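Below: the structure, in structure tokens.
The values are calculated or read from the model by the stated rules, or taken from the named source; none is laboratory data. These numbers were taken from a predicted model, which means no experiment stands behind them. We place every Cβ from the backbone using ideal geometry, glycine too, and count neighbours over all the protein chains shown.
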Amino acid sequence: MNYQTSISVKEKSEASKKKKDTKVFDQKPTSAFIGASWFALFVGMVSYCIGLWNSDMLLNEKGYYFTVLLFGLFSVISVQKAVRDKLENIPVTEIYYSISWFTTITSILLLIVGLWNADLLLSEKGFYGMAFLLSLFAAIAVQKNTRDTKYIERHSTEVEK
């Protein structure tokens, strides 16, 4: 009799653990948040590029700042992907994880060094810095929303089967 009771209690605790584990990732991002993330990404990137287009910089300087923007966007998406993969127990090599962080920090430092040495007004430097950071943050949010949505869709179809 005690054997049956201990098994039942054990099964109940395992079932409750499974329910708690699935509850962590069952909230899809709202449409408003997804839209706001895409909007912020669009505004940040377009503002940065319009600022470059209208600046009096040489073409090679414009190319440098544009490349730093693309490098930064790719880097933060790689960091977000690596962090999320680790969270979902998808294998991520430490070298990839480290390189992702290194390139993200490097892109920010490249922008800082470039702006520090640029012949721009302080307000222009601030504009480029803020548009750059807005773009990076928005890229992370868009990537997170995409992963959340796909994760929930994949697990909801597995539960239905």
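Scanning the stretch 47-59 finds no residues that are modelled with pLDDT of 95 or more, within 24 Å of Leu87 (Cα to Cα), part of a helix (DSSP H, G or I) and not small (Gly, Ala, Ser). The residue that is modelled with the highest pLDDT, among those in the stretch 19-46 that are of a type outside the set (Ser, Thr, Tyr) and exposed (fewer than 10 other Cβ atoms within 10 Å of the Cβ), is Ala32. If only residues of the stretch 56-82 that are touching a helix residue (DSSP H, G or I) at 6+ places or on another chain (Cβ under 7 Å) and of a type in the set (S, T, N, Q) are counted, the one that is farthest from Ser107 (Cα to Cα) is Gln80. The set of residues in the stretch 98-128 that are of a type in the set (Gly, Ala, Ser) and surrounded by 15 or more Cβ atoms within 10 Å (Cβ to Cβ) comprises Ser100, Ser107, Gly114, Ala118.
Restricting Leu109, Leu41 to those that are over 24 Å from Lys28 (Cβ atoms), part of a helix (DSSP H, G or I) and out of contact with any Phe, Trp or Tyr (no Cβ under 8 Å at 6 or more places or on another chain) reduces the list to Leu109. For Phe102, the criteria (1) part of a helix (DSSP H, G or I); (2) within 22 Å of Tyr48 (Cβ to Cβ); (3) not hydroxyl-bearing (Ser, Thr, Tyr) hold in every case but one, which is (2).
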